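K.L.:
Following this message is one structure expressed as structure tokens.
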Amino acid sequence: MRDFVLKRVAALLLPFIQMYGLYVIFHGHVSPGGSFAGGIVVGLAFIAFATIYGLERGRAKVPEKATTLVESYGTLWYGLMGMIGIFKGAPFLANKLAGIDLGELGALSSGGLISLIGLGVGIRVASTMVALFFTMMEDES
Amino acid sequence: MIILLITLLATHVVLLAVAELPPYGMSGNPSYNQVAQRYIENAREDTGVLNVITAIVLDYRAYDTMFETIVLFTAVLAVIITLKTTEGEGGGT
Amino acid sequence: MRILLDKLIINYPYFAAVILFIIGALTVLTRSNLFKKLIGINIMESAIFLMFIAAGNIRGGAVPILDEANPRAPYINPVPSALMLTGIVVSISVTAFALALIIRLYQSYGTTDARRIAEMKREVT
Amino acid sequence: MSFTTVDYGTMVMLLILVVASLAMYFIKDLLHAVIVYGAYTLIMALVWLQMNTPDIAITEAAAGIAMTVLMMVAIYRTSRREE
Amino acid sequence: MTATIKANLPVFVVIAPLFVAFVLPTFARRIRLVESLVIAVGVLGLLGTGYLASLILIEKGIPIIYSMGGWSAPWGIELRVDSLGAFFLLVVAGVSLPVALFGVDNLTHEVGGSAQTTRFYVLYLLLSGALAGMAVTSDLFNVFVLVEVATLSCCGLVSARNHPRAAEAAFNYLILATLGSALILGGIGFLYIITGHLNMGLASQELGRVWRDYPHVVWMAASFLLVGFGVKAALFPLHVWLPDAHSTAPSPASAILSGLGVKGYMICFTKVLYNVFGTTLMREFAMHRILVLLGMIAIIAGSILALAQDELKRRLAFSTVAQVGYVFLGLGFANASGLTGTLFHMASHAVIKSGLFLAVGAIITTTGKHRISEMAGIGKKMPITMAVFTIGSLGLAGIPLFSGFIGKWYLLSGSLEAGGSLAAVVIIAGSVLCAAYLFPMIRIAYFEPAPVEDWQDPGVPQRIALVLLAAGVVILGVLPGPFLELAKGAALELLGSM
């Protein structure tokens with residue numbers, strides 16, 4: 001755990017792993033991958049940080065309150081995106097029918113609600129992984 | 001021994017069914033019908049994304065994906081409710 | 001028998017899926033260690049995923065990411081892939097919950113063996 | 001039907017999958033079984049790359065690693081590796 | 001505004017509990033607020049489902065179709081509120097509200113701590129949302145996802161009690177239920193591969209065209225689905241997880257698991273069986289005979305196993321196994337009165353069994369005893385609780401003027417129509433056995449000398465919940481009117497849609 005090389009290499013690599021995860025989340029609609037895969041990668045980067053640098057420092061990066069909030073409101077975010085359809089007079093979870101601008105094809109912001117929903121799901125999945133890891137590692141009872 | 005026999009029997013029965021399925025990898029299979037074709041042809045205009053799978057997951061069948069995130073939410077809550085028990089309470093049973 | 005084998009060779013991914021499914025079911029039902037049961041469940045689920053994905057594949061087909069510059073002939077069926085994304089998330093949720101229960105059981109009984117846990121329970125009552 | 005329609009690469013990978021699942025059935029050491037499970041998910045991801053579904057492949061690779069990590073955490077917490 | 005709400009009501013009844021579930025963890029410290037939110041969403045759900053059911057009744061069963069995201073049937077997911085859906089929605093809303101009410105003030109003793117109680121309520125709301133979703137969905141894969149949500153939240157509810165046996169029961173439940181879900185997914189996969197549709201109606205049409213080419217595949221799909229749903233709904237040889245899970249869970253959880261959790265899977269199975277395979281295929285592959293046989297075995301075996309138990313909660317759990325047998329028996333008759341009986345029995349069993357479990361839970365928390373032989377004289381100390389227990393037992397045994405009677409009556413006439421006199425004998429024998437395993441408790445509670453301890457009926461919310469459920473039993477038995485109407489309509493729909 002106290003290996004110097006491991007810590008150095010992790011410090012070099014982890015930002016890139018996280019960047020890769022975010023890339024996968026953001027490009028889910030133009031290339032393979034998607035919010036789930038990207039979210040898991042981002043979460044795994046945090047887990048790797050916590051295993052290498054110790055649980056306390058990992059917990060300091062992601063406090064329990066944050067994961068709980070992202071958990072619940074990330075899931076609610078999905079539902080609220082669906083409610084946009086209802087407010088615009090279209091069915092639940094409508095995208096094009098709700099009159100949302102789909103954007104330029106192939107661009108990063110295309111797809112209307114799809115990229116927004118994907119972003120929410122990605123962050124949520126990352127926090128889920130972190131929450132699962134810490135809940136299992138920490139001694140409570 | 002009996003378990004092995006039952007397993008072999010079950011395997012054989014399932015294999016009979018599987019052998020009957022439409023041949024693997026052909027484009028004329030019944031599941032490759034107008035639904036799949038419509039997804040491929042219209043995904044661009046309908047949803048504005050290039051990855052058809054993302055279009056299906058997050059637009060055509062977004063309701064499923066909502067429940068999928070709810071499954072994860074449920075799992076996290078179940079994990080927390082299982083592991084974060086308060087001490088000193090033995091339960092009634 | 002001969003015809004069956006011929007058909008199975010054509011449908012070899014389904015064949016493999018059945019074998020994996022049976023091995024997974026055997027692992028769940030005959031191994032008494034809780035981790036082994038969990039791994040068996042995961043093997044079973046991935047066998048089902050294999051069946052779905054194989055049903056969607058087309059030999060020589062293209063990945064269903066639209067490319068206007070050079071439209072390559074036939075795209076594979078995207079529906080099973082979309083469904084299995086959900087399936088994978090379900091399996092990871094089940095795994096996480098089962099692991100939490102295993103940790104909890106180990107804290108109470110000091111073992112991860114289903115048979116030994118059953119014995120201990122009988123001794124208590 | 002002849003063997004010409006068979007994709008040998010996929011077939012070999014499926015064979016490896018079957019062998020890996022049998023190994024997981026028989027291996028006594030839980031940590032080893034979990035490591036084999038990690039390999040199993042990676043091969044599975046390769047199979048899905050062969051079947052033209054990179055989306056599933058990338059998700060399976062990530063999810064498989066996540067599951068392996070969680071299983072290792074659980075084994076670390078329960079600390080008795082022998083079955 | 002009201003027009004928007006009316007038009008989107010089929011979605012709102014599903015997502016309202018889910019939305020409340022997402023915000024609950026934020027208020028974990030203020031348990032009062034959590035409880036009132038849960039009750040409020042329960043009342044809203046009851047109003048919404050009541051309105052939907054009245055719409056269906058007035059329109060004489062014309063279903064309300066709701067295309068999710070605006071994509072109609074083959075492309076998107078379609079919600080379909082027909083008589084069956086409205087019926088089950090009403091059952092879910094009607095049972096989950098009193099059960100939630102029972103948990104007020106009481107649950108912290110069983111689960112421990114306000115944070116744990118909040119999580120319990122979140123899982124509870126997720127379960128009721130998933131069950132409501134099962135009632136209205138008409139998409140095969142959506143069924144699988146909802147089943148998965150329901151399974152995970154059921155297991156979470158079981159493991160909420162801080163007791164090692166609860167964890168063990170939850171683990172067994174989880175493993176077997178996941179095995180079941182894998183089988184369900186396999187069955188859905190077979191159906192998808194040969195039909196290419198996930199919508200139930202379209203898959204059924206396509207299946208009617210192609211089934212001759214794939215007889216083994218249809219057979220395999222049906223058996224996968226039967227075993228999968230059978231494991232989840234605790235059909236007799238596959239029930240092994242149920243007694244432990246239902247007897248170790250906290251009382252509101254046992255009530256909702258036995259009352260509603262098991263029923264959701266049965267509704268899904270009914271939908272898949274009748275809306276996808278249809279009666280022609282069922283007869284072609286002799287599925288109805290297998291269902292009748294399994295149902296008869298389950299009734300007799302479940303009742304005899306229940307007789308052998310001394311622990312009250314375990315006895316009730318085995319009684320659920322027997323009552324599940326009635327449902328599968330009625331599904332196998334495949335005629336209008338049999339199906340009406342099945343559906344009505346499902347509803348009445350949901351109300352009765354949750355009432356019984358709640359009454360037993362109240363007794364156990366007050367007295368700390370859980371064996372029948374130790375409960376002498378409780379009837380004099382806890383009059384309301386035991387009165388509810390008595391009404392529930394009479395209803396379950398099928399005494400006229402209580403709800404169980406009507407369901408069993410229709411099942412009997414269905415069995416005679418289907419020409420199975422053996423099934424009729426089994427139904428009556430099941431009733432007698434049911435009386436044999438529930439009435440001793442009543443005798444001990446009322447006619448044995450009371451102990452000196454100072455036991456009392458539980459608090460006001462618990463009393464209201466118990467009285468509501470008992471009133472439900474009596475109302476369903478005396479004035480079944482609209483419920484019976486809906487059940488009959490649902491039976492005709494299921495038979496008509498090939």
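The values are calculated or read from the model by the stated rules, or taken from the named source; none is laboratory data. Not measured: the values here are computed from a predicted model. So basically every Cβ, Gly included, is an ideal-geometry build from the backbone, and we count neighbours across all protein chains shown. The area values use the complete protein model at the heavy-atom level, side chains included, leaving out ligands, DNA and RNA. Shrake-Rupley method; radii C 1.70, N 1.55, O 1.52, S 1.80 Å.
K.L.:
For region D:51-71, name all the residues that are over 15 Å from the mean Cα position of the chain (by Cα) and open to solvent by 10 Å² or more (accessible area, probe 1.4 Å).
P.N.:
D:Asn52, D:Pro54
K.L.:
Looking at (1) without any contact (Cβ under 8 Å) to a residue 24 or more places away in the chain; (2) surrounded by fewer than 23 Cβ atoms within 10 Å (Cβ to Cβ), which is the one condition that is false for E:Leu238?
P.N.:
Only one criterion is unmet by E:Leu238, namely (1).
K.L.:
Can you confirm whether region C:68-76 contains a residue that is facing chain B (nearest Cβ under 8 Å) and either open to solvent by less than 10 Å² (accessible area, probe 1.4 Å) or closer than 26 Å to A:Gly33 by Cα (or both)? If you could, list the steps in order and put the result at the bottom.
P.N.:
Keep residues of region C:68-76 that are facing chain B (nearest Cβ under 8 Å), which gives C:74-75.
Subsequent filtering for residues that are either open to solvent by less than 10 Å² (accessible area, probe 1.4 Å) or closer than 26 Å to A:Gly33 by Cα (or both) retains C:74-75.
Among the residues of region C:68-76, at least one is facing chain B (nearest Cβ under 8 Å) and either open to solvent by less than 10 Å² (accessible area, probe 1.4 Å) or closer than 26 Å to A:Gly33 by Cα (or both), which makes the answer yes.
K.L.:
At least 2 residues that are out of contact with any helix residue (DSSP H, G or I) (no Cβ under 8 Å at 6 or more places or on another chain) in each: list the helices (runs of 4 or more DSSP H) lying fully within region E:384-498 that qualify. Before you say what the answer is, go through the steps one by one.
P.N.:
Details: elements: E:403-417, E:421-447, E:460-478, E:481-496.
The qualifying helices (runs of 4 or more DSSP H) are E:421-447, E:460-478, E:481-496.
K.L.:
Across region E:72-88, which residue is nearest to the other protein chains (Cβ to nearest Cβ) among those that are in contact with a Phe, Trp or Tyr (Cβ under 9 Å, 6 or more places away or on another chain) and open to solvent by 30 Å² or more (accessible area, probe 1.4 Å)?
P.N.:
E:Trp75
K.L.:
Report whether or not A:Ile100 is in a loop (DSSP other than H, G, I, E, B), open to solvent by 30 Å² or more (accessible area, probe 1.4 Å) and β-branched (Val, Ile, Thr).
P.N.:
Criteria met by A:Ile100.
K.L.:
When you go through E:Ser251, E:Ser223, E:Ser258 one by one, which is the residue that is touching a Gly at 6+ places or on another chain (Cβ under 9 Å), among the small types (Gly, Ala, Ser) and touching a residue at least 40 places away in the same chain (Cβ under 8 Å)?
P.N.:
Result: E:Ser251 is the single residue among E:Ser251, E:Ser223, E:Ser258 that is touching a Gly at 6+ places or on another chain (Cβ under 9 Å), among the small types (Gly, Ala, Ser) and touching a residue at least 40 places away in the same chain (Cβ under 8 Å).
K.L.:
Filter the helices (runs of 4 or more DSSP H) completely within region B:1-89 down to those with at least 3 residues that are closer than 23 Å to C:Val18 by Cα.
P.N.:
Answer list for region B:1-89: B:2-20.
K.L.:
If E:Ala160 satisfies all but one of (1) in a helix (DSSP H, G or I); (2) within 7 Å of another protein chain (Cβ to nearest Cβ), what's the number of the condition it fails?
P.N.:
The one condition E:Ala160 does not meet is (1).
K.L.:
A follow-up question, please. May I ask you to list the residues in region E:56-71 that are more than 14 Å from chain A (Cβ to nearest Cβ) and without any contact (Cβ under 8 Å) to a residue 12 or more places away in the chain?
P.N.:
E:Ile58, E:Glu59, E:Ile62
K.L.:
Can you go through E:Gly113, E:Gly103 and tell me which one is open to solvent by 10 Å² or more (accessible area, probe 1.4 Å) and either touching an Asp or Glu at 6+ places or on another chain (Cβ under 7 Å) or of a type in the set (Gly, Ala, Ser) (or both)?
P.N.:
E:Gly113
K.L.:
List the residue pairs whose Cβ atoms are under 6 Å apart, where the first residue sits in region A:17-40 and is more than 9 Å from every other protein chain (Cβ to nearest Cβ), the second is part of a helix (DSSP H, G or I) and open to solvent by less than 30 Å² (accessible area, probe 1.4 Å), and the two are 6 or more positions apart or on different chains.
P.N.:
As it stands, the answer is A:Ile17/A:Ala45; A:Gln18/A:Val42; A:Gln18/A:Ala45; A:Ile25/A:Ser35; A:Ile25/A:Gly38; A:Ile25/A:Gly122, since those pairs meet every condition given.
K.L.:
Out of the residues in region E:51-66 that are open to solvent by 30 Å² or more (accessible area, probe 1.4 Å) and under 15 Å from E:Val14 (Cα atoms), which is nearest to the chain's Cα centre (by Cα)?
P.N.:
Per the criteria, the residue is E:Tyr51.
K.L.:
Just one of B:Leu50, B:Leu16 is over 20 Å from the mean Cα position of the chain (by Cα), within 14 Å of chain A (Cβ to nearest Cβ), open to solvent by 10 Å² or more (accessible area, probe 1.4 Å) and aliphatic (A, V, I, L, M); which is it?
P.N.:
That would be B:Leu50, the only listed residue that is over 20 Å from the mean Cα position of the chain (by Cα), within 14 Å of chain A (Cβ to nearest Cβ), open to solvent by 10 Å² or more (accessible area, probe 1.4 Å) and aliphatic (A, V, I, L, M).
K.L.:
Looking at C:Leu8, C:Leu38, C:Leu4, C:Leu85, which one is facing chain B (nearest Cβ under 9 Å), in a helix (DSSP H, G or I) and surrounded by 24 or more Cβ atoms within 10 Å (Cβ to Cβ)?
P.N.:
Answer to the selection: C:Leu85.
K.L.:
Go over the candidates C:Ile23, C:Ile19, C:Ile53 one by one and state the one that is open to solvent by 10 Å² or more (accessible area, probe 1.4 Å), more than 8 Å from chain B (Cβ to nearest Cβ), in a helix (DSSP H, G or I) and among the aliphatic types (A, V, I, L, M).
P.N.:
Numbers: C:Ile19 fails: more than 8 Å from chain B (Cβ to nearest Cβ); C:Ile53 fails: open to solvent by 10 Å² or more (accessible area, probe 1.4 Å).
One residue alone meets the criteria, C:Ile23.
K.L.:
Could you give every pair whose Cβ atoms fall below 7 Å, whose first residue belongs to region E:195-212 and is open to solvent by less than 40 Å² (accessible area, probe 1.4 Å), and whose second residue is assigned to a helix (DSSP H, G or I) and basic (Lys, Arg), counting only separations of at least 6 or pairs across chains?
P.N.:
Qualifying pairs under 7 Å: E:Met200/E:Lys271.
K.L.:
Let me ask something additional. Please verify whether E:Val143 is facing another protein chain (nearest Cβ under 7 Å) and within 16 Å of the chain's Cα centre (by Cα), treating the condition exactly as stated.
P.N.:
Judged against the criteria, E:Val143 is not a match.
K.L.:
Among the residues of region E:16-37, write down those that are polar (S, T, N, Q) and either closer than 23 Å to A:Ile86 by Cβ or within 12 Å of chain A (Cβ to nearest Cβ) (or both).
P.N.:
Of everything in region E:16-37, just one residue is polar (S, T, N, Q) and either closer than 23 Å to A:Ile86 by Cβ or within 12 Å of chain A (Cβ to nearest Cβ) (or both), namely E:Thr26.
K.L.:
Could you please find all residues in region E:141-168 being over 15 Å from E:Tyr124 (Cβ atoms) and charged (D, E, K, R)?
P.N.:
Residues satisfying the conditions are E:Glu148, E:Arg165, E:Glu168.
K.L.:
What do you reckon, is E:Ser223 within 9 Å of chain B (Cβ to nearest Cβ), of a type in the set (Ser, Thr, Tyr), open to solvent by 10 Å² or more (accessible area, probe 1.4 Å) and part of a helix (DSSP H, G or I)?
P.N.:
Considered against the rule, which asks whether it is within 9 Å of chain B (Cβ to nearest Cβ), of a type in the set (Ser, Thr, Tyr), open to solvent by 10 Å² or more (accessible area, probe 1.4 Å) and part of a helix (DSSP H, G or I), E:Ser223 comes out as yes.
K.L.:
Let me ask another. Going by the structure shown, is E:Phe144 closer than 27 Å to E:Leu305 by Cβ, aromatic (Phe, Trp, Tyr) and assigned to a helix (DSSP H, G or I)?
P.N.:
Taking the combined requirement at face value, the residue does not satisfy it.
K.L.:
Can you name the number of the only condition in (1) surrounded by fewer than 24 Cβ atoms within 10 Å (Cβ to Cβ); (2) under 30 Å from C:Asp67 (Cβ atoms) that B:Val57 fails?
P.N.:
Exception for B:Val57: condition (1).
K.L.:
Can you confirm whether E:Gly228 is surrounded by fewer than 24 Cβ atoms within 10 Å (Cβ to Cβ) and assigned to a helix (DSSP H, G or I)? Reasoning before the result, please.
P.N.:
Details: surrounded by fewer than 24 Cβ atoms within 10 Å (Cβ to Cβ): no; assigned to a helix (DSSP H, G or I): yes.
When the stated conditions are applied, E:Gly228 does not pass them.
To keep it simple, each residue is scored yes or no on (1) within 20 Å of the chain's Cα centre (by Cα); (2) within 10 Å of chain A (Cβ to nearest Cβ).
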position	(1), (2)
B:Ser31	yes, no
B:Tyr39	yes, no
B:Asn42	no, no
B:Asp46	no, yes
B:Leu58	yes, yes
B:Asp64	yes, no
B:Thr69	yes, yes
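K.L.:
If you check C:Asn57 against the conditions, is it farther than 30 Å from B:Ala43 by Cα and not aromatic (Phe, Trp, Tyr)?
P.N.:
It is false that C:Asn57 is farther than 30 Å from B:Ala43 by Cα and not aromatic (Phe, Trp, Tyr).
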